[in-house]
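These notes concern the structure reproduced below.
The values are calculated or read from the model by the stated rules, or taken from the named source; none is laboratory data. These numbers come from a predicted model, not from an experiment. Neighbour counts run over all protein chains shown; Cβ positions are idealised from the backbone, glycine included.
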Amino acid sequence: MIDEVRAAVATEVSSFEVNSFGHLWMDGIHKPNPEREPDIIRRSRTLVAVARAARRGKPVTLENVIANANGIRLLDNEVAPVLNDFVRREVLLSRDDGSYDFKLPIFKAWLKEVGVNRLVSDALGEELAVGILAAEDAAYIRAEEIIALVKRWPVYRGHAVSAEAVRAWLEQVESHQDQRLLFKILESLRFFGEAQIREMFATLHSFIRPSLPEFVQRKRAERRMDVLVTYVDGEGKSGQYHAAKYAEHNGIPVKCIIPPSVFTESLSTHVQTWGSPAVLVMIDDIVATGRSLARNVKKFVEKNEQALRLNKLPITVLTLASTGDGDQFVREQVAEFDWLDFNIRHCETLDAKHFAFDERNEIWANQIERDRAKSLCRDLGVGIYPDNPLGFGDQGMLVAFPTTCPNNSLPILHSAGRQNNWKPLFERVTN
């Protein structure tokens, strides 16, 4: 309930205009109208500095307000009198530790979220219309933006990603402009959900169904036993997880899921009990460069060649998503087994929008912004994976699944820094 109230406040607060709060800095100036303007401007400038300090998570102290007043033509010796005036008028509260807080929490929320920009345009005019500080203020990510983003995301490893977690992840970089670049990356993330994956498993199964012999279900509990399922990325990896889910969603018995480590022995037992299978399905989540999958498939085929030849068992690799290059690479590598009936199918083809720095995507406003974002991610990524700061294969992929984030995706999304100086948002469990 508390989270819902916070979300509602954050969403609504940006709709308030300056005149909703203007009395807090315009009233109480007992001078003729022409003489009031300098005092109003000083108060407005001070509130901008207060909001900047609050945005950066700093306590609102005299020192921090002065430190955030650069660029707005507010003299150091003007700050304290204005703060004291706000305390006298109960706009601000003075704490025993020397810090200040807002009497009205909703005014604090408005000032942090949108008030800075609106005060700048209303009271400061052209003073902050250009330059770094104006860009910094404009880049600030409002709470409602984050809330809108996390609302459309599925759960990750059983938990919803909170707005607070996103804010904490962004604030690992200090500049609001850099935070905005990271936020654009999050907005462009292809985040697969469990419900969507269930639909994709049904689609994948439809790819092999035409090649299967007719199955007549005589009893309600009866299941077909001529489809075997395996995975090639090892125990406890994403392939094993998705293989189990694929079998479950398509009515394939658990006993038809064979670990690659005991495939030949298990195949022999299965044939003796249920007869020859019609197809061996290999399940994986994603094909990026294709190198890992090709290597694992070749290793599997070489190890189990005799059993595969004996049973004339075709292999079809089914993946949720794939790049065109990765698909082609796997096909070319496995083609050396000219005796093997092999195919690979996937549900979704990854294109430019799934790669952070592909020049064909529309994530960035221009090449300058793209280069700045890439440089930022590379600098942060070096502290995580020095050899692959943009992810395996230097791909900078923007993909996440319900239980893991592929190692081809940007490391800042899924892995901690070597010195524990970076906290990922989608922590990747490694075995």
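One residue is enough: does region 314-325 have a residue meeting the conditions touching a strand residue (DSSP E or B) at 6+ places or on another chain (Cβ under 6 Å) and assigned to a loop (DSSP other than H, G, I, E, B)?
Taking every residue of region 314-325 in turn, at least one turns out to be touching a strand residue (DSSP E or B) at 6+ places or on another chain (Cβ under 6 Å) and assigned to a loop (DSSP other than H, G, I, E, B).
Could you look through region 233-258, keep only residues that are in contact with a strand residue (DSSP E or B) (Cβ under 7 Å, 6 or more places away or on another chain) and farther than 24 Å from GLU222 by Cα, and pick out the one that is surrounded by the fewest Cβ atoms within 10 Å (Cβ to Cβ)?
Taking region 233-258 as the starting set, the residues that turn out to be in contact with a strand residue (DSSP E or B) (Cβ under 7 Å, 6 or more places away or on another chain) are 233, 238-239, 242-244, 246-247, 252, 256-258.
Remaining after also requiring farther than 24 Å from GLU222 by Cα: 233, 238-239.
Values: ASP233: 19, SER238: 22, GLY239: 22.
That would be ASP233.
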### Task
Please specify each residue of region 76-92 satisfying the condition of being surrounded by 13 or more Cβ atoms within 10 Å (Cβ to Cβ) and closer than 18 Å to GLU63 by Cβ.
GLU78, VAL79, ALA80, VAL82, LEU83, ASN84, PHE86, VAL87, LEU92
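Determine, yes or no, whether ARG73 is over 29 Å from ARG167 (Cα atoms), surrounded by fewer than 16 Cβ atoms within 10 Å (Cβ to Cβ) and charged (D, E, K, R). It would help to see each step written out before you state the result.
On the way: over 29 Å from ARG167 (Cα atoms): yes; surrounded by fewer than 16 Cβ atoms within 10 Å (Cβ to Cβ): yes; charged (D, E, K, R): yes.
Considered against the rule, which asks whether it is over 29 Å from ARG167 (Cα atoms), surrounded by fewer than 16 Cβ atoms within 10 Å (Cβ to Cβ) and charged (D, E, K, R), ARG73 comes out as yes.
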### Query
Applying the selection to region 358-393, what residues are under 21 Å from PRO424 (Cα atoms) and among the small types (Gly, Ala, Ser)?
ALA373, SER375, GLY381, GLY383, GLY391, GLY393
#### Entry: Residues that are modelled with pLDDT of 80 or more and of a type in the set (S, T, N, Q), drawn from region 216-249
THR230, SER238, GLN240
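Picking from VAL87, VAL50, VAL65, VAL79, which residue would you name as being over 26 Å from HIS176 (Cβ atoms), assigned to a helix (DSSP H, G or I), at pLDDT 90 or above and among the β-branched types (Val, Ile, Thr)?
Working: VAL50 fails: over 26 Å from HIS176 (Cβ atoms); VAL65 fails: over 26 Å from HIS176 (Cβ atoms); VAL79 fails: over 26 Å from HIS176 (Cβ atoms).
Only one candidate qualifies: VAL87.
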